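Shown next, in structure tokens, is the structure this report addresses.
Every number in this text was worked out from the coordinates using simple rules, so none of it is lab data. What you see is a predicted model; the values in this text were computed from it and never measured. Methodologically, a virtual Cβ is constructed for each residue, glycine included, from the backbone with ideal geometry; neighbour enumeration extends over all protein chains shown.
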Amino acid sequence: MSADGPDRAGDGSVDATARVVDGAAATDEERQVEAALRPRRLAEFPGQQRVRDQLGLVLEAARRRQAPPDHVLLSGPPGLGKTTLAMIISAELEQPMRITSGPAIQHAGDLAAVLSSLVEGEVLFVDEIHRMARPAEELLYLAMEDFRVDVIVGKGPGATAIPLELPPFTVVGATTRAGLLPAPLRDRFGFTGHLDYYSTEDLQRILVRSAGLLEIEATRDGIYEIASRSRGTPRIANRLLRRVRDWAQVHGQHIVDHEAALAALELFDVDQQGLDRLDRAVLEALCKRFGGGPVGLGTLAVAVGEEPDTVETVAEPYLVREGYIVRTPRGRSASRTAWEHLGLTPPHPGVAQDQLPIGEQPGRLDH
């Protein structure tokens, strides 16, 4: 990294693909470790107290009725525990679990094959359910409500729909973008739980538990430093814990303390606010190259060498939540917090970019 910011290619773009906070390059071994750290029961699940209490009530009522619970929809940003909660639901009900994902179901026949093989009481977990193909969604409507699917036999005028009865089962859907779910599908879920970002205190409890499972000796200060930079996300916290452990082992230490956490997180470009290379690249592009904006998403993505979807779904949610970026009708603008974080002076002293009237804001059209 250069002294004035992220490394740039010859065309001025930023190499911001290697991110320790999103696990884009996570190995199979790391995924296995992450799976081993998942809580197995609802009582072990940290944080999300309201969702946990509501879900516990739904599951206990279903157990007392000796019937499958209503279908469950879990929404929220990545890494907050939606998959873990789905597995907990299966464990609490003592029922088998079938796992699939929205992108894997692109035809109604794909979904029909899965549904027809379910047993009574089984939990069907559909990750990223908002990305299912429309024909499959329409088939799922009927299956969730009436426990029935219509299998089409033949083609053309001679095609015949044969109804196939299904045993009662429970769909658990997970989505990072609940607004993209069509209303008919969303309305068929009897319980909807939204997961929020975790507090630093909750992340500390998670890291203490993870350190114990991984047999990592850690100090309270070291745990706090990792938790405070984890963006309110357990997945990121656990990943950073393993990277700090690696640093400590390589440097001849056998304990994750405050000094080890500081050195390792600096090595992996995670600053005190939890911003990493891509986050800072976005802020630098906004402030240094576009004068604070507003600038369109596509233009901003080109400036940092990423796809627009990556900037919008990976970097932007945290930057907007923490007040570094403001989304306006004409594009993304840098707030005063962003300028101050980069050690720069806003171009309009006393007036934040996001407070200018839309008609007075220079910049590019959003798209």
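List of remarks:
- 5 Å binning of all Cα-Cα separations within the range 124-279, expressed as whole percents from 0 upward: 2, 8, 14, 13, 10, 8, 8, 9, 8, 7, 6, 4, 2, 1, 0
- Each principal axis of the range 216-267 carries a Cα extent, and these read 30, 19, 18 Å when sorted largest first.
- Taking every alpha-carbon pair within the range 303-348, the share separated by more than 13 Å comes to 61 percent.
- Sorted by Cβ neighbour density within 10 Å, fewest at the top, the residues Ser116, Ser90: Ser116, Ser90
- Descending semi-axes in Å of the range 78-146, equivalent ellipsoid built from Cα gyration tensor: 20, 16, 9
- Cβ-based exposure ranking for Tyr318, Tyr324, Tyr224, in which fewest neighbours within 10 Å come first: Tyr224, Tyr318, Tyr324
- Remark: the range 48-194 projects, on average over all directions, an area of 8.6 nm² (convex hull of Cα atoms).
- Among Val302, Val126, a tally of other beta-carbon atoms within 10 Å of each Cβ gives an order, fewest to most, of Val302, Val126.
- Paramagnetic reach from Lys288 in the range 326-343 [backbone N under 15 Å; point 7 Å along Cα→Cβ]: 339-343
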